[in-house]
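See below for the structure under consideration.
Just so you know, all these numbers are worked out from the coordinates, no wet-lab data involved. Treat the numbers as computed from the prediction; the structure is a model and nothing was measured. Because the Cβ atoms are built from the backbone with ideal geometry, glycine has one as well, and the counts that use them run over all protein chains shown.
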Ligand code: NAI
């Protein structure tokens, strides 16, 4: 039973959504059919004077059923579904009977669209409830009339942040914005809805857009303001997305075209765009990774079973530098007490000051009270004394990237800790099993690789060493969850997963440079492929000096097995004393970083490598920069560094900003098709060398017609 139907003696029918087979009410074929039947019953029953639509679950309706949307690949079936939904909503609007949406909790996406098709929206004053149309965040558009009804209700300009950015608001804010008509105490919700229906006049059962002489609030599309909104908006979108994300552009087009015609024609326009997005690859990639992938990771799907949940009260952090200070911030914000240790109390205090500066800024912006600010700061205790680590449930080590130093602080910290306390290293490159050799209890030693800035970046790469116990892994995952971050679990290897794959992007950029490809072309191609920054800018960010040092260390470790490449040559040449271009921190790398002005590519770069006589096209450079990442990811899967393809995609999107529209490095192969991707790689390998050689497992998958994901 999806919809409960109650007809009152006063002529008010109440349609209550309560899907028994799902944790939340969602819009899918079954619930829509049940809702349609209930709506029809209310409309045809002459005893019914008005209708309340509400829910028996904590939220009203959470939105479209994403499992269903992910499964739809047939445009015709999707078109039918959309047309039926529109017909149902128009049926309500034109029934002549007043419908009230009584929003007891969150009304998102399709849920808010159900509410928009009612003649009035009354929301319970529930500060936890959210109202909005977040579809764009998953590569979709509000396909239940949202792109047409919201602008008609509140005006085009005010509607755009909801449609284009997926902005969500509380009921109180929704009232201010005109998205709901009333906000009432939760206990009075149904009574208020009923009272309004009983007093409703015939014109109350007509939507504004169905009234004679209806005018768009805020003015029509064809006006100076409308012209400005659409030309500026479209230009901004293009500049931001390079056409990689079709949803925002489709939304703009729906609003622009739809708001110049009657609502029925407008819904047809919206329907066409919606179907295109739903069956296209971008929404599939985004739903699979951003919704299901991250959702599962946050539910700790990788947590070993049978280990009792661990709770955290106090965390020790070794090293109050960039990473240590950021992790301390995140821990304090998650309500933990922090012992922040560095070699001197001044350095430790400087780490704490980083958090204090962040909170002071938030207080200045009115986002944090002075008391909260002080309470957060009070949670961090800076020290230079290892004895202060006594009583810590977990220690996160973030000292310099130096094996001997890390071994030394491991021994000193462990001497203060309870035997089952976890020791976690935030190393970005050193294999965990090697570092664990310094530990007296390697079963409780694990890698927790945070990303910079650690207080903001959502991902933690959890690295399981050879000796790490299942219990340690489970408890470390509980810690990541306590910090409100998203974990992926990987097995130990040089560079783990994220650093290893991400460095292939940078490496390919440097290789292109050594081939004489124009630096601006390399950078633009990276951005146009959807990466947050070009590979050369990223190399500067990481520091060319650090890259050169890591490569030297790896060469020493691997001896004759190390294969030198153009990347070594470029790094060495840049950091060589003759040029001394060490990266962003040093103020000069591939880019110049003039004080108070934006960075620009260093002009001297052009003369360092002989320009290629024929420059490649943007598409080819893009393909090289993105394909190397997918290939290295498959190698990580093959070697067992990664445990599941979806971990790769979640890690890449959250860790280094791999474009979600491509669905991550594995999603990219999946949407291209395994066989087609293998053929692409063969061609790239032929032209550019064996690093593009498709891994064996991928070739086998192509031959057997296998895919990484069911959908
Ligand atoms: P950093 O140089 O900013 O900070 C290191 C801190 O460790 C300094 O404050 C230093 O005084 C302190 N330290 C040195 N010896 C110590 C000792 N014996 N006891 C206590 N503290 C000591 O370095 P950063 O960038 O914070 O990196 C720290 C670790 O995190 C490294 O292992 C690095 O590879 C890793 N990492 C760095 C990332 C980044 O983006 N910078 C990202 C992820 C991991």
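Structure notes:
- DSSP beta bridge pairing in the chain, given as percent antiparallel to the nearest 5: 25
- Between residue 128 and residue 157, the FRET efficiency from the beta-carbon distance, with R0 = 25 Å, is close to 0.30.
- Paramagnetic label zone (point 7 Å from Cα along Cα-to-C-beta, residue 350; backbone N under 15 Å) in region 310-325: 319-325
- Degrees separating the helix 156-165 axis from the principal Cα axis of the chain, which is the longest one: 40
- Once the gyration tensor of the Cα atoms in region 3-279 is diagonalised, the equivalent ellipsoid follows with semi-axes of 29, 21, 18 Å, ordered largest first.
- Taken over region 500-608, the alpha-carbon convex hull comes to 105 cubic angstrom per residue.
- As a rough guide to protection, the peptides 353-361, 432-440 ranked by mean Cβ packing within 10 Å, highest first, stand as 432-440, 353-361.
- The share of C-alpha pairs in region 381-460 whose separation exceeds 18 Å stands at 39 percent.
- As a length-normalised measure over Cα pairs under 8 Å and 6 or more apart, the relative contact order of the chain settles at 9 percent.
- Span from the region 636-661 Cα centroid across to the region 519-550 one, whole angstrom: 19
- Antiparallel bridge percentage (DSSP; both residues within region 3-279; nearest 5): 25
- Gap separating the Cα centres of region 280-358 and region 476-512, nearest whole Å: 14
- Considering every alpha-carbon pair of the chain, the percent of pairs per 20 Å bin, from zero through the bin containing the longest distance, is 16, 42, 34, 8, 0.
- Take 588-597, 540-549, 94-103 and order them by the average number of nearby Cβ atoms within 10 Å per residue, most first; the result is 94-103, 540-549, 588-597.
- Cα centroids of region 131-194 and region 560-619: 49 Å apart.
- Kirkwood estimate for region 314-491, i.e. one over the average of 1/r between Cα atoms, Å: 15.9
- Mean projected area of the Cα convex hull of region 147-229, taken over all directions, amounts to 6.8 nm².
- Projected label distance in nm at residue 697 and residue 313, using a 7 Å step from Cα toward the beta-carbon: 4.3
- Inverse of mean 1/r across different Cα pairs in region 45-119, Kirkwood, Å: 13.7
- Projecting label points 7 angstrom from Cα along Cα→Cβ for residue 576 and residue 614 puts them 3.0 nm apart.
- Peptides 132-142, 234-244 ranked from most to least packed give 132-142, 234-244, packing being the mean of other C-beta atoms within 10 angstrom over each peptide's residues.
- Computed over the chain, the per-residue total of -39500 (n - 2.57) for DSSP H runs of n ≥ 4 gives a 222 nm mean residue ellipticity of -15000 deg cm²/dmol, rounded to 500.
- Based on C-alpha pairs under 8 angstrom that are at least 6 apart in sequence, region 3-279 has a relative contact order of 19 percent.
- For the pair residue 74 and residue 687, the difference between a 0.36 nm per residue extended length and the Cα-Cα distance amounts to 216.9 nm.
- Against the main long axis of the alpha-carbon atoms of the chain, helix 224-241 sits at an angle near 30°.
- Taking all pairs of distinct alpha-carbon atoms in region 1-88, Kirkwood radius in angstrom: 13.9
- Length added when fully stretched, residue 291-residue 37, from 0.36 nm per residue minus Cα-Cα: 88.4 nm
- Over region 101-260, volume per residue of the alpha carbon convex hull, in Å³: 101
- With 0.36 nm allotted per residue and the present C-alpha distance subtracted, the residue 370-residue 201 stretch has 55.8 nm of extension available.
- Percentage, to the nearest whole number, of Cα pairs in region 256-364 over 16 Å apart: 75
- With both labels modelled 7 Å from their Cα along Cα-to-Cβ, the residue 411 to residue 4 distance reads 6.8 nm.
- Take every pair of alpha-carbon atoms less than 8 Å apart whose residues are at least six positions apart; their mean separation over the length of region 314-491 yields a relative contact order of 21 percent.
- Nearest 10 degrees, 0 to 90: helix 370-379 Cα axis against the chain principal axis: 40
- Measuring nothing but alpha carbons in region 329-397 and taking Rh as the Kirkwood radius, the Rg to Rh ratio lands at 1.00.
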